[in-house]
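Asks: Could you have a look at this structure, given as structure tokens, before my questions?
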Amino acid sequence: MNDLDIFSEPQDGRQGRPANRRDQRRLRKRQKRRRRNGRAAVFFALAFLVAVFGTAGVLGFAVLDNRLNPPDYDGAGTGDVTVQVKDGASGTVIAAALEEHDVVKSARAFVKVWNAETRSSSIQPGFYQMRTKMSSKAAMAMLLDPKSRAGNQITIPEGRRATETYKLLSDKTGIPVEDFAAAAKNTEELGLPEYAGGRVEGYLFPGRYNLDPNGSAGDILKQMVARFVEYAESSGLESKAEEADLEPGKVITLASLIQAEGGQPSDLPKISRVIYNRIEKGMKLQFDTTVVYALNRRGLTVTEKETLIDHPYNTYKHSGLTPGPISNPGEDAIDAALNPEEGEWLYFVATDPTNKITKFAVTWEEAEKITQEFREWQRRNPGQ
């Protein structure tokens, strides 16, 4: 049976024509509606597909355009903001810092300029006085301009005491020495390791620093302590101290003595061995450097009277190491504390302090001879 059979009207036997013309008209209207609805469905489906794929195309183009032409500010910017470029920072890291401070509109825009600039690798670590809402090209130009460097760069030598470090920092920044001394007492804020015993002496790590022009005395000391902590973690200080059967704090104290007594890096492991040997034999260290530290002065020698002062840091009077560091040692001295050179030396003398020459001896007689060399140097250098 087909559609015609279903919807055909009954036939009159005599005439052979539809029995009901009204039903026939209804049939034609129903068929027209079906055709219209079918065409509408097809049109709607086509329109939907065009909308979906058309929007995807627009979005895809927008994403592609954003990648090829990332958003960027125009012009030289306004206002002032300080941005730090850290040691070893890549173009991507610098770009992120600039975007974070709203110097550039997007990190990707700056990276694009960075990759096209042949001088980008010459940008030095430090603090830069930038502007907000700059074009990436303008930001690059400022980073390449030495005049934009806003921070103070300073190098703290190995072996400086904390008080001497405060003076160096004060001279460079203009912050009073008293502010550094006060900040050093707030040890919880500085991030000192537990084995420091709440004292900054020994933990103001020497080296080159870029100082924040807006930083306080506490910020600067915290930066130096953080450098020590970073070194301690990267070098495995605590585990190495445990292998040497020493507490980490004792290692730094030992290193500070080695640093204070040493002339050249090659001498440091030998001086370390002398300290180990003397302690093992129950001999007092008898270091002049510990006495002048107790007296809060500098000098190559001490008087016999000064060696008698009642002070815990006087190694003429007390056996073993000092209660804490007497200076801020560098990496070589810390390494020497953990790795003393093999030898039986019990004595050493700086026979020529001018040229940093130190000689070592096993016996007292040998020590007497090299001490005479130092006396001769003193005669040639009166007042030293």
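The values are calculated or read from the model by the stated rules, or taken from the named source; none is laboratory data. Just so you know, these numbers come straight off a predicted model, no measurement behind them. Backbone-built Cβ (ideal geometry, glycine too); neighbour counts: all protein chains shown.
Asks: From the set of residues in segment 298-330 that are among the aliphatic types (A, V, I, L, M) and in a loop (DSSP other than H, G, I, E, B), which is farthest from Lys270 (Cα to Cα)? Talk me through it step by step, then tell me what you get.
Replies: Within segment 298-330, the subset among the aliphatic types (A, V, I, L, M) is 300, 302, 308-309, 321, 326.
Adding the requirement that they be in a loop (DSSP other than H, G, I, E, B) leaves 300, 302, 309, 321, 326.
Numbers: Leu300: 20, Val302: 23, Ile309: 28, Leu321: 17, Ile326: 19 Å.
Looking at residues that are among the aliphatic types (A, V, I, L, M) and in a loop (DSSP other than H, G, I, E, B), I get Ile309.
Results for (1) aliphatic (A, V, I, L, M); (2) outside the structural domain of Tyr203 (by TED's automatic domain parsing); (3) under 19 Å from the mean Cα position of the chain (by Cα), shown as yes or no for each residue.
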site: Val93; (1), (2), (3): yes, yes, yes
site: Leu98; (1), (2), (3): yes, yes, yes
site: His101; (1), (2), (3): no, yes, yes
site: Glu117; (1), (2), (3): no, yes, no
site: Gln124; (1), (2), (3): no, yes, yes
site: Ala138; (1), (2), (3): yes, yes, no
site: Leu169; (1), (2), (3): yes, no, no
site: Pro176; (1), (2), (3): no, no, no
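Asks: Here's a follow-up. Can you tell me which residue is modelled with the lowest pLDDT among those in segment 349-384 that are exposed (fewer than 13 other Cβ atoms within 10 Å of the Cβ) and among the hydroxyl-bearing types (Ser, Thr, Tyr)?
Replies: Going through the qualifying residues, I end up with Thr354.
Asks: Any residue that is in contact with a Ser or Thr (Cβ under 9 Å, 6 or more places away or on another chain), under 26 Å from Gln153 (Cβ atoms) and at pLDDT below 90 - is there at least one of those in segment 101-117?
Replies: No, the conditions are met nowhere in segment 101-117.
Asks: Moving on to the next point. So, Asn277, is that one under 19 Å from Thr322 (Cβ atoms), at pLDDT below 95 and of a type in the set (S, T, N, Q) or not?
Replies: Criteria not met by Asn277.
Asks: Looking at (1) buried (at least 17 other Cβ atoms within 10 Å of the Cβ); (2) within 16 Å of Lys270 (Cα to Cα); (3) touching a Gly at 6+ places or on another chain (Cβ under 9 Å); (4) without any contact (Cβ under 8 Å) to a residue 24 or more places away in the chain, can you tell me which one Ala333 breaks?
Replies: All conditions pass for Ala333, except number (4).
Asks: Could you check how many residues of segment 243-284 are outside any helix (DSSP H, G or I) and closer than 20 Å to Gly197 by Cβ?
Replies: Looking only at that region, the number is 4.
Asks: Right, Ala294: out of contact with any Pro (no Cβ under 6 Å at 6 or more places or on another chain) and free of Cβ contacts under 8 Å to residues at least 60 places away in the same chain or not?
Replies: yes
Residues are listed down the side, and each one gets a yes or a no for (1) outside the structural domain of Gly299 (by TED's automatic domain parsing); (2) surrounded by 13 or more Cβ atoms within 10 Å (Cβ to Cβ); (3) on the phi > 0 side of the Ramachandran plot; (4) not in a loop (DSSP other than H, G, I, E, B):
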site	(1), (2), (3), (4)
Gly159	yes, yes, yes, no
Leu192	yes, yes, no, no
Gly198	yes, no, yes, no
Asn214	yes, no, no, no
Ile220	yes, yes, no, yes
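Asks: For Val103, all conditions in the list (1) closer than 21 Å to Asn214 by Cα; (2) surrounded by fewer than 17 Cβ atoms within 10 Å (Cβ to Cβ) hold save one; what is the number of the exception?
Replies: In the conditions (1) closer than 21 Å to Asn214 by Cα; (2) surrounded by fewer than 17 Cβ atoms within 10 Å (Cβ to Cβ), Val103 misses (2) alone.
Asks: Go through the residues of segment 233-241 one by one and say whether even a single one is in contact with a helix residue (DSSP H, G or I) (Cβ under 9 Å, 6 or more places away or on another chain) and under 25 Å from Thr358 (Cα atoms). Before you say what the answer is, go through the steps one by one.
Replies: If we filter segment 233-241 for residues that are in contact with a helix residue (DSSP H, G or I) (Cβ under 9 Å, 6 or more places away or on another chain), which is where we start, we get 235, 237-238, 240-241.
With the extra rule that they be under 25 Å from Thr358 (Cα atoms), the set shrinks to none.
Looking through segment 233-241, none of the residues is in contact with a helix residue (DSSP H, G or I) (Cβ under 9 Å, 6 or more places away or on another chain) and under 25 Å from Thr358 (Cα atoms).
Asks: Let me ask something else. Out of the residues in segment 121-147 that are crowded, with 23+ Cβ neighbours inside 10 Å and touching an Asp or Glu at 6+ places or on another chain (Cβ under 6 Å), state the one that is nearest to Asp74 (Cα to Cα).
Replies: The residue in question is Ser136.
Asks: Looking at segment 242-259, I want the residues that are of a type in the set (Ser, Thr, Tyr) and have a partner that is surrounded by 24 or more Cβ atoms within 10 Å (Cβ to Cβ) and outside any helix (DSSP H, G or I) with Cβ atoms under 6 Å, at least 6 apart or on another chain. Which pairs are those?
Replies: Pairs that qualify, where the first residue is of a type in the set (Ser, Thr, Tyr) and the partner is surrounded by 24 or more Cβ atoms within 10 Å (Cβ to Cβ) and outside any helix (DSSP H, G or I), are Thr253/Pro325; Ser256/Gly202; Ser256/Pro325; Ser256/Ile326; Ser256/Ser327; Ser256/Pro329.
Asks: Could I ask something else about it? Out of all the residues in segment 331-365, which are within 24 Å of Ala162 (Cβ to Cβ) and part of a loop (DSSP other than H, G, I, E, B)?
Replies: If the condition is that a residue be within 24 Å of Ala162 (Cβ to Cβ) and part of a loop (DSSP other than H, G, I, E, B), then Lys356 is the only one that fits.
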